[in-house]
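Inspection log for the structure reproduced underneath, given as structure tokens.
Every number in this text was worked out from the coordinates using simple rules, so none of it is lab data. Not measured: the values here are computed from a predicted model. As a convention, Cβ positions derive from the backbone with ideal geometry for all residues, glycine included, and neighbour counts pool all protein chains shown.
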Amino acid sequence: MNLYQTAALLALLVTAGCGLSSCSGATDDSETALAVELAYDKASIDADGESAVTFTVKQGGVDITAKATISYTYGEETKELAQATFSTNVAGTYTFTATYDGQSSKPVSITANEITVVKSQFVRRICVMEFTGTWCTFCPSGALRLQDMLVRNFDGIYDLMAFHLDKDPMAIPQSSTLMKKFKQDGAPACTVDMREGMDISSGPAKAKKACENSLENYPAHCGVAIASVYNEASKTAEVTVKVTSEKTSKYRLAVYVLEDGIVYPQADGSITRDDYVHNHVVRKLIAASGLVEGDDLGEIASGKEATKTYQVNIDKAWNIENLSFYALALDAENRVNNLSVCAAKNGKTDYEYNKNN
């Protein structure tokens, strides 16, 4: 075999080898991407609003939980989780899926077990936070319809708080914080028990449903009492709040100053009403933490009471005769479980018990 024949044979063998082994200098673009995997720390939880499952999302062994979106389906409802944890008061089976960069994980199922609910000895009050502004042309009608709905359906068991927004002279920093927290971008809007936000410009139907949900699925497991001692000379009030828990649970306490009877111009449709009276206006958050969720009370054992006292400076622009203190007891999920209200000038509200207890 001469030199040319040897070279030709080698070339033929190399070509055949490449054909059998798919030789290529480039990466195959059809290679399957790494799968998104959704893991969980428990397959079942109690439907008590506090027992929770924690999820972890990985891709190729790398934790991408913070970048992924986790959503669940229950019945015909599909919702996205704000965090990688889930709790509920509604028993049933929930299906979860994680999505990242266009890829979805295999669905996983979590069961929320029904628990026996013992009726609380305390009256369950509803906290309705309304978001408004003097510049908002739809807010007067929205507020009127919201309050009418509350009076007709939940009279005696609701407390309304008006958080003013933006350049409104009655606005406070916590108003915009709460709007962002509950993903609202306009007024009028509201949240019930700090659970979820909703637009109420077209009516209070969603707010009514949220109130019903609080009463039916999130019963009280604590009572709140509040008292204020006002010092005329120093223009200060000593506010004492007590929280008694019916089960061992963690709590936070948020105390707010509210004022009624503030006269200030308000846009109303196509006109401005110069003599408009603003009520239940949130003037200030009283919390060492500065958080809208208030201060940490820690864990309160079943049947035990926690007490916290605040010294509040009464601003000279506020009318002490029209001021109130609202004390919100938040549960382990930072939702309002119960609340109590008293007048700022030597007011006192004891624990409110159900009449049939």
Exercise. What is the helix-to-structure angle for 205-217, meaning the angle in degrees between its Cα long axis and the longest Cα principal axis of the chain, kept from 0 to 90 and rounded to the nearest 10?
Worked result: 90
For this session: List the lysines whose Cα lies under 20 Å from the Cα of K106, skipping any in the same chain that are fewer than 8 positions away.
Result: K42, K58, K67, K79
Exercise. Got a sec? How would S120, S141, S202 order by Cβ neighbour count within 10 Å, fewest to most?
Worked result: S202, S141, S120
For this session: Please quote Rg/Rh for region 46-202 to two decimal places, taking the Kirkwood radius as Rh and restricting both calculations to Cα atoms.
Result: 1.05
Seminar exercise, completed: Between the Cα axis of helix 3-21 and the main Cα principal axis of the chain, the angle (0 to 90°, nearest 10) is 30
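Once you've got the Cα coordinates, tell me which of K183/K250; K250/K304; K167/K284; K167/K345 are over 22 Å apart.
K183/K250; K167/K345
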Seminar exercise, completed: Surrounding charge for E352, neighbours by C-beta under 11 angstrom, Lys/Arg +1, Asp/Glu -1, total +2
Exercise. Using mean Cβ contacts within 10 Å as the protection proxy, how do 179-191, 93-105 order, highest first?
Worked result: 179-191, 93-105
Exercise. Quick one: helix 139-154 against the long Cα principal axis of the chain, what's the angle to the nearest 10°, folded into 0 to 90?
Worked result: 80
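Mind sorting T240, T309, T134 by how few other Cβ atoms lie within 10 Å of their own Cβ, fewest first? Provide the component values of the computation, followed by the final result.
Details: T240 16, T309 10, T134 23.
Ranking T240, T309, T134 by Cβ neighbours within 10 Å, fewest first, gives T309, T240, T134.
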Seminar exercise, completed: Checked against the positive end of the charge dipole of the chain (+1 on Cβ of Lys and Arg, -1 on Cβ of Asp and Glu, about the Cα centre), the farthest of A205, V241, I271 is V241
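Once you list every other residue whose beta carbon is under 14 Å from the beta carbon of L330, what net charge do they have if Lys and Arg are +1 and Asp and Glu are -1? Display every interim value, and only then the final one.
Working: positive: R125, K181, R195, K250, R252, K308, R335; negative: E50, D193, E293, D295, D296, E299, D331, E333.
The answer is -1.
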Seminar exercise, completed: Mean Cβ-within-10 Å packing, highest first, puts peptides 75-84, 274-283 in the order 274-283, 75-84
For this session: Provide, as a two-decimal number, the C-alpha radius of gyration of region 36-113 over 2.2 N^0.38 Å, N being how many residues it has.
Result: 1.04
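Tell me what the chain gives for mean residue ellipticity at 222 nm when only DSSP H runs of n ≥ 4 count, each as -39,500 (n - 2.57), the sum divided by the residue total, rounded to 500 deg cm²/dmol.
Numbers: 4 runs with 57 residues, N = 357.
Computed ellipticity for the chain at 222 nm equals -5000 deg cm²/dmol.
Determine the sum of side-chain charges near A52: Lys and Arg each +1, Asp and Glu each -1, restricted to other residues whose C-beta is under 13 angstrom from that of A52. Please report the intermediate quantities before stating the final value.
Details: positive: K42, K250, R335; negative: D41, D46, D48, E50, D331, E333.
That sum, taken over residues with Cβ under 13 Å, equals -3.
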Problem set entry | Overall dimensions of the chain as given by Cα atoms, namely Rg and Dmax in Å | 28.8, 118
